[in-house]
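The values are calculated or read from the model by the stated rules, or taken from the named source; none is laboratory data. These numbers were taken from a predicted model, which means no experiment stands behind them. Cβ atoms come from the backbone with ideal geometry, glycine included; neighbour counts cover every protein chain shown.
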């Protein structure tokens, strides 16, 4: 053995290299940050209808990213995240009734949902597969029923966030939009950074084979709990923003399983287990709602049929298919091995 071989710092994989960033993905990720800054100026240059529409779109993006974080990266398929959407909305009302500024109340409601999810996680994370999906649904229904008996919160007839009427309509629309943009950006970036961390790699190992991940030292339950709490907080923020945008809520609508149906649709169509896919799915659902949202039952049937078609024929979703065919990743959260062309030193 030569001295050179003894001092070699790390082994190399012949003919290949490990890659995460590419010039394209680095440029797109930087552009994503620029886009967030640019979106902050929308209320200044656009009309009220555009501001409200973008608020709706950002809320959909937040819901989709949270559901995909659980199902796509930890294998936790939930049908009950509407529990935190409803809790976020009603907690906002409760804090506002007790003298807290409504926009501060929305932030506190987001934190409240994270706190509530901690003890609940010790219950629902005991379940596996379909049991987890149904268990989270049951929890959401139970919370909705409990809220419907609270007279202070309007009981079954619903309630309004009347404290927002102290703001002029223009200021209310602008503040709601800016807070929605801030919370959406915060949670999207938080999920991105988490998935690029060691915890993110362990979560994907849990998704692929929980038993194997546990056998090599991955803290399975702790990893799931962190992501579950983050998803609860994100959905709580989405609920608070929904209330701020529509001003009136009642239990059967804000705790509706339709929210889970929308989240599943966005992720299946956009691409389960991809970072970009849920954002694409949210944009698609937004435009579908604009065109067919008033069609009642036929609209929901159409969404369900589309989701089934994607699950059967394009199981990786739109972005998953693009990524598979082209290898393009705008915001990569994992690594991949790239082979070099023989005798050229460049990627094939």
task = Report whether or not residue 244 is surrounded by 17 or more Cβ atoms within 10 Å (Cβ to Cβ) and either in contact with a helix residue (DSSP H, G or I) (Cβ under 6 Å, 6 or more places away or on another chain) or closer than 17 Å to residue 80 by Cβ (or both).
result = yes
Residue 94, sole failed condition from (1) at pLDDT 90 or above; (2) in contact with a helix residue (DSSP H, G or I) (Cβ under 6 Å, 6 or more places away or on another chain) = (2)
query = Taking segment 95-127, which residues are within 23 Å of residue 159 (Cβ to Cβ), surrounded by fewer than 18 Cβ atoms within 10 Å (Cβ to Cβ) and more than 21 Å from the chain's Cα centre (by Cα)?
reply = 97, 98, 99, 100, 101, 104
Unmet requirement for residue 91, which otherwise passes all of (1) under 17 Å from residue 176 (Cβ atoms); (2) surrounded by fewer than 18 Cβ atoms within 10 Å (Cβ to Cβ) = (2)
request  = Give the residues of segment 82-116 that are in contact (Cβ under 8 Å) with a residue 12 or more places away in the chain and assigned to a loop (DSSP other than H, G, I, E, B), sorted by residue number.
outcome  = 101
Only one of 249, 254, 226, 284 that is without any contact (Cβ under 8 Å) to a residue 40 or more places away in the chain, under 26 Å from residue 108 (Cβ atoms) and either crowded, with 17+ Cβ neighbours inside 10 Å or in contact with a helix residue (DSSP H, G or I) (Cβ under 9 Å, 6 or more places away or on another chain) (or both) = 226
key: Condition check for residue 237: assigned to a helix (DSSP H, G or I), within 20 Å of residue 113 (Cα to Cα), at pLDDT 90 or above and under 21 Å from the mean Cα position of the chain (by Cα)   = yes
inquiry  = Among (1) under 23 Å from the mean Cα position of the chain (by Cα); (2) at pLDDT below 95; (3) within 28 Å of residue 174 (Cβ to Cβ), there is one condition residue 58 misses while meeting the rest; what is its number?
reply    = (2)
